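**Q** After the structure tokens below, expect a handful of questions from me.
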Amino acid sequence: MSDQHTQTQISSAEVHEVFADLHTRYGVRGLEEKRADQAFVRTDRDEAVAVLTHLRDRHGYTHLAFLTAVDQIEEGRFELLYMLHNYELRHDLGVIVEIPREGDGCSMDTIHRMWPAAATYQRELREMFGIDFPGSPRLHEDFALEGWHDLPPMRKEFDTREYSERTYYARPGRTKTDTRQHMKDTIYPSEAETW
């Protein structure tokens, strides 16, 4: 029988054991079990690389599935989300790290030496959010937005409409349509009164 068929899924008790270990060693907090195969924890920025290393080397979370950011503009911070996967236990663990949105604090240690693919995610986050990852390869080369010199477009204060109106000319004969009204009128006319 192949290893694939003999794998077992992690139990909630095992997730709590991993969390207890991380909490004791690094002060990790906020365990949220979203599904049987997915949980999230939070850690401080200064402990993040140590937590990720410990999860990889001691708990089998060897695959960086993705790295992304959420702009929490109202709180003046970004949340970085490192999603790790343990193949043996078929379990995803998201590690959330808060960093400031502005100034020198808008940076995070690079993890490209742990997972080479992280360099690509870090380039994208620098370009789209303005988050710096000092030492990450090719970080300041254009990634997806060749020649971009405006505010990073995934920041919540970026005004997509204003940018489009400033950058692109209006086409003759094109009209603006309120999407909601258009749907009421043309797609769901029989349900228009319930909207």
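The values are calculated or read from the model by the stated rules, or taken from the named source; none is laboratory data. On a predicted model such as this, the values are computed, not experimentally measured, just so you know. Backbone-built Cβ (ideal geometry, glycine too); neighbour counts: all protein chains shown.
**Q** Have a look at 165, 191 and point out the one that is touching a Lys or Arg at 6+ places or on another chain (Cβ under 9 Å), farther than 30 Å from residue 56 by Cα and either at pLDDT below 90 or outside any loop (DSSP other than H, G, I, E, B) (or both).
**A** One residue alone meets the criteria, 191.
**Q** Then there is this: Can you say whether residue 49 is surrounded by 14 or more Cβ atoms within 10 Å (Cβ to Cβ), out of contact with any strand residue (DSSP E or B) (no Cβ under 8 Å at 6 or more places or on another chain) and not in a strand (DSSP E or B), as far as the supplied structure shows?
**A** Values: surrounded by 14 or more Cβ atoms within 10 Å (Cβ to Cβ): yes; out of contact with any strand residue (DSSP E or B) (no Cβ under 8 Å at 6 or more places or on another chain): yes; not in a strand (DSSP E or B): yes.
Yes: the conditions hold for residue 49.
**Q** Right, another one. Surrounded by 18 or more Cβ atoms within 10 Å (Cβ to Cβ), among the hydrophobic types (A, V, I, L, M, F, W, C) and either assigned to a strand (DSSP E or B) or in contact (Cβ under 8 Å) with a residue 24 or more places away in the chain (or both): does that describe residue 66?
**A** In short, no.
**Q** State yes or no: is residue 22 buried (at least 19 other Cβ atoms within 10 Å of the Cβ), at pLDDT below 95 and over 24 Å from residue 123 (Cβ atoms)?
**A** Against the criterion (buried (at least 19 other Cβ atoms within 10 Å of the Cβ), at pLDDT below 95 and over 24 Å from residue 123 (Cβ atoms)), residue 22 does not qualify.
**Q** Residue by residue through the stretch 107-127, note down the ones that are of a type in the set (Phe, Trp, Tyr) and not in a helix (DSSP H, G or I).
**A** 115
**Q** Let me ask another. Considering every residue within the stretch 153-162, establish whether at least one is outside any loop (DSSP other than H, G, I, E, B), more than 20 Å from the chain's Cα centre (by Cα) and either over 19 Å from residue 70 (Cα atoms) or in contact (Cβ under 8 Å) with a residue 40 or more places away in the chain (or both). Give the steps one after another, and end with the answer.
**A** The initial filter retains those residues of the stretch 153-162 that are outside any loop (DSSP other than H, G, I, E, B), namely 160-162.
Of the ones still in play, those that are also more than 20 Å from the chain's Cα centre (by Cα) are 160-162.
Narrowing the set further to residues that are either over 19 Å from residue 70 (Cα atoms) or in contact (Cβ under 8 Å) with a residue 40 or more places away in the chain (or both) leaves 161-162.
Yes - at least one qualifying residue is present in the stretch 153-162.
**Q** Here are some residues: 143, 133. Which one is at pLDDT below 95, more than 26 Å from residue 34 (Cα to Cα) and touching a helix residue (DSSP H, G or I) at 6+ places or on another chain (Cβ under 6 Å)?
**A** Answer to the selection: 143.
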